[in-house]
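Accompanying notes for the structure given below.
Laboratory data are not the source of any read-out in this text; all were calculated from the coordinates shown. Everything numeric in this text was worked out from a predicted model, so none of it was measured. All Cβ positions, even for glycine, are placed from backbone atoms using ideal geometry, and neighbour counts span all protein chains on display.
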Amino acid sequence: MDDLFARNRAWAERMRARDPEFFSRLARQQAPRLLWIGCADSRVPANQLLDLDPGTVFVHRNIANLVVHTDINMLSVLQFAVEALQVEHVVVCGHYGCGGVRAAMADRQLGLIDNWLRHIKDVYDQHGAELAEIADPGRREDRLVELNVLHQTLHVARSTVVQNAWARGRRLEVHGWVYSIADGLLRDLGYRVRRPEEIGAVYRMVGEGIT
Ligand code: CO
């Protein structure tokens, strides 16, 4: 573990050599333009794969990049990012080869985590017909990774936090991306939610005092 502190000291030194004001500037404030909701998988580190320095991305990660509307942790991150940091973009980024998605497709209990992965099983069930038509198991899994991103993107957009930001006239876009561990490349899945009209009538709510 000592090695980690040595690495940290060397990194901080390199950053200071490149930009002497870097840390003192960050210490005063953060101004990220983007909220990243991604998988906790160690191979999908948001800042690193975007090649962005500290201070540029507000990050929330959990297993299989889920946006569960009762998750107070995710909701707090979302509210802070949208209302305090005023980010204009929220990205939900899944990744191919996601162990969470793979486990959700299988029928073996793994423990507590099964109750978290159940949210992916719901997506699997909802798109069962489309997925059953994909003969190749790898391709089927990749497709569920993409569909999971689609649903989580919608979950972000359906939150009261996002709906209220839109009602206040704020520009706020939710994007669905996928990352490939195999080549290090991001792909925009084209899932983009920008307006209340795009979240489904059932989910639309008008806040008190917001018209
Ligand atoms: Co994953």
With n ≥ 4 as the cut-off for DSSP H runs, can you work out [θ] at 222 nm for the chain, using -39500 (n - 2.57) per run divided by the number of residues, rounded to the nearest 500? -13000 deg cm²/dmol
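Among rounded, prolate and oblate, which fits the chain when a ≥ b ≥ c are the square roots of the eigenvalues of its C-alpha gyration tensor, a/c under 1.5 means rounded, and a/b larger than b/c means prolate?
In terms of gyration-tensor shape, oblate.
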Could you check the simple spin-label distance between residue 102 and residue 3, using points 7 Å along Cα→Cβ, in nm with one decimal? 2.5 nm
Residue exposure sequence - 23, 5 - by fewest surrounding Cβ within 10 Å: 5, 23
Full extension between residue 88 and residue 52 adds, at 0.36 nm per residue less the Cα distance, a length in nm of 11.3 nm
What ranking do 1, 105, 205 get, fewest neighbouring Cβ atoms within 10 angstrom at the top? 1, 205, 105
Nearest-5 percent of antiparallel DSSP beta bridges in segment 31-203? 30 percent
Taking amide H positions as placed in the peptide plane 1.01 Å from N, state which residues far from residue 89 in sequence (5 or more) or on other chains have amide H under 5 Å from it. 35, 173
Cα centroid separation, segment 15-43 to segment 157-211 (Å): 24 Å
